[in-house]
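Written out below as structure tokens is the structure these notes cover.
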Amino acid sequence: EPPTTGGDNGGEDPAPGDSPEYERQTISSEDLTYDSSNVQLIIKSASGLKTACDIINGTLDNDINITKTDGSTQEITKSQSGTNTYNLKLDANIEISNGWVGIGTETSPYTGTFDGNYKTITYSGSVATPLFNYAGGSNCEIKNLVTSGSISSSGTTGGVVANFSGGTIKNCVNN
């Protein structure tokens with residue numbers, strides 16, 4: 001386990017003696033929290049959604065600290081990301097714009113439970129990928145989500161997921 005840098009230093013350079021390769025970023029609890037009892041990331045903002053996507057897709061730039069719902073801290077290292085072991089819950093209406101890559105990859109589709117919590121994902125600008133790029137599997141469930149706006153793609157796409165390989169999608173509305 002790599003050493004930590006001792007917490008958030010406000011985005012400044014690492015403190016003397018800290019190794020940049022082990023730099024840890026602290027994610028604001030206003031963006032994303034972790035519910036350990038449900039192995040669930042609770043998404044509260046567009047920035048939190050991006051971080052959750054990076055965790056699921058295995059594209060974290062740095063190790064991160066996330067505040068748990070009990071106030072303690074959950075560490076997630078770059079090497080732990082991409083395992084698709086997290087359930088996701090939306091806790092705010094969020095806008096997705098240009099550059100969104102979608103949750104799940106072709107080699108590692110999202111396989112958990114996503115609860116949209118009856119919140120809305122709005123696509124604005126030139127979005128080519130919906131909330132999920134690749135999702136599916138016998139335990140995959142996407143539920144209680146509203147999407148709005150438009151997606152323009154020359155490939156496979158949909159309002160909620162572009163490539164779905166089984167599981168359940170329920171109580172989702174695409175406006």
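Annotations for the structure displayed:
- Test for residue 56: is it among the aliphatic types (A, V, I, L, M), touching a helix residue (DSSP H, G or I) at 6+ places or on another chain (Cβ under 8 Å) and buried (at least 20 other Cβ atoms within 10 Å of the Cβ): no
- Summed over the range 79-129, residues that are modelled with pLDDT of 90 or more, open to solvent by less than 40 Å² (accessible area, probe 1.4 Å) and among the aromatic types (Phe, Trp, Tyr) total 4.
- Residue pairs whose Cβ atoms lie under 6 Å apart, sitting 6 or more positions apart in sequence or on different chains, and linking a residue in the range 22-45 that is over 16 Å from residue 77 (Cα atoms) and open to solvent by 20 Å² or more (accessible area, probe 1.4 Å) to a partner that is among the polar types (S, T, N, Q) and outside any strand (DSSP E or B), are 31/45; 31/47; 35/69.
Residues are listed down the side, and each one gets a yes or a no for (1) farther than 22 Å from residue 91 by Cα; (2) open to solvent by less than 60 Å² (accessible area, probe 1.4 Å):
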| site | (1), (2) |
| --- | --- |
| 131 | no, yes |
| 140 | no, yes |
| 149 | no, yes |
| 152 | yes, no |
| 156 | yes, no |
| 159 | no, yes |
| 165 | yes, no |
| 173 | no, no |
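- Taking the range 95-119 as the range and being touching a residue at least 24 places away in the same chain (Cβ under 8 Å) and more than 16 Å from residue 161 (Cβ to Cβ) as the test, the residues that pass are 95, 97, 98, 117, 118, 119.
- With respect to (1) more than 20 Å from residue 170 (Cβ to Cβ); (2) under 14 Å from the mean Cα position of the chain (by Cα), the lone exception for residue 69 is condition (2).
- Selection status of residue 156, of a type in the set (Ser, Thr, Tyr), part of a loop (DSSP other than H, G, I, E, B), touching a strand residue (DSSP E or B) at 6+ places or on another chain (Cβ under 8 Å) and free of Cβ contacts under 8 Å to residues at least 12 places away in the same chain: yes
- For residue 74: the one exception among (1) open to solvent by 60 Å² or more (accessible area, probe 1.4 Å); (2) closer than 23 Å to residue 30 by Cβ: (1)
The values are calculated or read from the model by the stated rules, or taken from the named source; none is laboratory data. Computed from a predicted model, the values in this text were never measured in an experiment. Ideal geometry is used to build each Cβ from the backbone, glycine not excepted, and the neighbour counts take in all protein chains shown. Surface areas here come from the heavy atoms of the whole protein model, side chains and all, with no ligands, DNA or RNA. Shrake-Rupley method; radii C 1.70, N 1.55, O 1.52, S 1.80 Å.
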